[in-house]
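Asks: If you scroll down you'll find the structure; I have some questions about it.
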Ligand SMILES: C[S@@+](CC[C@H](N)C(=O)[O-])C[C@H]1O[C@@H](n2cnc3c(N)ncnc32)[C@H](O)[C@@H]1O
Ligand code: SF4
């Protein structure tokens, strides 16, 4: 089973935290969409006939595409790869694009999962992050999506914002769970190089919040989400039973995916390739030259990646799978190194599975890097 990711590289304006590749040159939209369709066709062999199970249209801001433009992308996938086995088609959307008419159009074109970038229900923080919507637009977007028939709805929230108190974070989470969402992605703010916040960090205008505050916000998130009936199934992701994100779960499972559009990544089980993160060059280059960089993963890379993606998720590491994929020697290596974390109670071994309890995911990086093979 495989997935297709389409990167729509446009935004109306750039949010101060965001380092995803996008630009505001909307005049190029039609040309880019045509190039993406061309790429979908020319790279049809990449997945070697594997059945497509999920489609994810992300960005950038896919909701800057009309429903018929999204429909045309899906039509191209249908003709080139087939849609019969596709169970999840997600589109990322910004709240201020989500009018009732727009949403009905999207739904009618076969999109069955919507991911709305709410980020916060507090106007002060939305302005500070340079979002183009406000809290009431966010709430209206969720209601409109329901009324248009979207019953699989995920929203993004950001915490770890310097001026946000714990009570305000609790308010944001209460707002989220008041609505009938099936899934929540909650990300700790990261101050990335190349963004406005990255520049503010360098000049001392903002600072990372301290680790105790991060931990309190994270524990509140875990408690409120699980009390509201959500499974905390990955460090940043929460789902009502039966509503985990298939597309993202497949990334973490090591399933194969084709990524098209500027900056998109692809993976065929051995090799990871990156498309050029530049709209002009993407348009100029022949499709076969758009993957400007690639890496072939060694057994060690594959093992380390397996450890990392598995331990940030509720599934954890099944010892039989570790042995089947990487051999008895790697299982032995892992089990030996894992012992000290088991003794500290931050790694659990139960029913042939090693897992980190969800309350410790936030410190999982230090555990995971110690379990790597270097
Ligand atoms: C590709 S972006 C969102 C797509 C859509 N354009 C939107 O803004 O709603 C995916 C999500 O990543 C999260 N994100 C991006 N940069 C982040 C950062 N530096 N820190 C925390 N979360 C971030 C945001 O929650 C965002 O909604
Ligand atoms: S968060 Fe979304 S809207 Fe904002 S810059 Fe990133 S991709 Fe664009």
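Asks: In the range 342-365, what residues are assigned to a strand (DSSP E or B) and out of contact with any strand residue (DSSP E or B) (no Cβ under 9 Å at 6 or more places or on another chain)?
Replies: Selection gives 350 alone.
Asks: Given the conditions (1) more than 10 Å from ligand 2 (Cβ to nearest atom); (2) within 25 Å of residue 85 (Cβ to Cβ); (3) surrounded by fewer than 21 Cβ atoms within 10 Å (Cβ to Cβ), report the number of the one that residue 31 does not fulfil.
Replies: (2)
Asks: Every residue in the range 180-208 that is modelled with pLDDT of 95 or more and within 21 Å of residue 237 (Cβ to Cβ), please.
Replies: Those that are modelled with pLDDT of 95 or more and within 21 Å of residue 237 (Cβ to Cβ): 181, 182, 183, 184, 185, 186, 187, 188, 189, 190, 192.
Asks: In the range 60-82, how many are crowded, with 19+ Cβ neighbours inside 10 Å and at positive phi?
Replies: Total satisfying the criteria: 1.
Asks: Looking at the range 316-337, which of the residues that are touching a strand residue (DSSP E or B) at 6+ places or on another chain (Cβ under 6 Å) and without any contact (Cβ under 8 Å) to a residue 40 or more places away in the chain is farthest from residue 220 (Cα to Cα)?
Replies: 318
Asks: Just to be sure I understand, how many residues within the range 105-137 are over 30 Å from residue 73 (Cβ atoms) and in contact (Cβ under 8 Å) with a residue 60 or more places away in the chain?
Replies: 1
Asks: Mind listing whichever residues of the range 269-305 are buried (at least 17 other Cβ atoms within 10 Å of the Cβ), at pLDDT 90 or above and more than 20 Å from residue 61 (Cα to Cα)?
Replies: 272, 273, 303, 304
Asks: Here's something else I'd like to know. For the list (1) more than 16 Å from residue 56 (Cα to Cα); (2) within 14 Å of ligand 2 (Cβ to nearest atom); (3) out of contact with any helix residue (DSSP H, G or I) (no Cβ under 7 Å at 6 or more places or on another chain), I need the number of the one condition that residue 26 fails.
Replies: The number of the failed condition is (3).
Asks: Same structure, new question: Count, please, the residues in the range 21-55 that happen to be in contact (Cβ under 8 Å) with a residue 60 or more places away in the chain and within 12 Å of ligand 1 (Cβ to nearest atom).
Replies: Here the count works out to 1.
Asks: If a residue must be in a strand (DSSP E or B), buried (at least 19 other Cβ atoms within 10 Å of the Cβ) and in contact with a helix residue (DSSP H, G or I) (Cβ under 7 Å, 6 or more places away or on another chain), how many such residues does the range 1-23 contain?
Replies: Residues meeting the conditions: 5.
Asks: Right, next: Residues in the range 143-152: is at least one within 27 Å of residue 277 (Cα to Cα) and touching a helix residue (DSSP H, G or I) at 6+ places or on another chain (Cβ under 9 Å)?
Replies: Taking every residue of the range 143-152 in turn, none turns out to be within 27 Å of residue 277 (Cα to Cα) and touching a helix residue (DSSP H, G or I) at 6+ places or on another chain (Cβ under 9 Å).
Asks: On to the next question. Looking only at the range 56-68, count every residue that is assigned to a helix (DSSP H, G or I) and within 16 Å of ligand 1 (Cβ to nearest atom) and tell me the total.
Replies: Residues flagged as assigned to a helix (DSSP H, G or I) and within 16 Å of ligand 1 (Cβ to nearest atom) within the range 56-68 amount to 3.
Asks: Against the condition part of a strand (DSSP E or B), more than 16 Å from ligand 1 (Cβ to nearest atom), touching a strand residue (DSSP E or B) at 6+ places or on another chain (Cβ under 8 Å) and closer than 19 Å to residue 357 by Cβ, how does residue 232 come out, does it pass?
Replies: yes
Asks: May I ask you to verify whether residue 243 is over 16 Å from residue 372 (Cβ atoms) and either in contact with a helix residue (DSSP H, G or I) (Cβ under 9 Å, 6 or more places away or on another chain) or surrounded by 15 or more Cβ atoms within 10 Å (Cβ to Cβ) (or both)?
Replies: Here the answer is yes, as residue 243 does meet what is asked.
Asks: What do you reckon, is residue 326 farther than 30 Å from residue 46 by Cα, touching a helix residue (DSSP H, G or I) at 6+ places or on another chain (Cβ under 9 Å) and not assigned by TED's automatic domain parsing to the domain that holds residue 159?
Replies: no
The values are calculated or read from the model by the stated rules, or taken from the named source; none is laboratory data. Note that the structure is predicted; figures quoted are calculated from it, not measured. In this analysis, Cβ positions are derived from the backbone assuming ideal geometry, glycine residues included, and neighbour counts consider all displayed protein chains.
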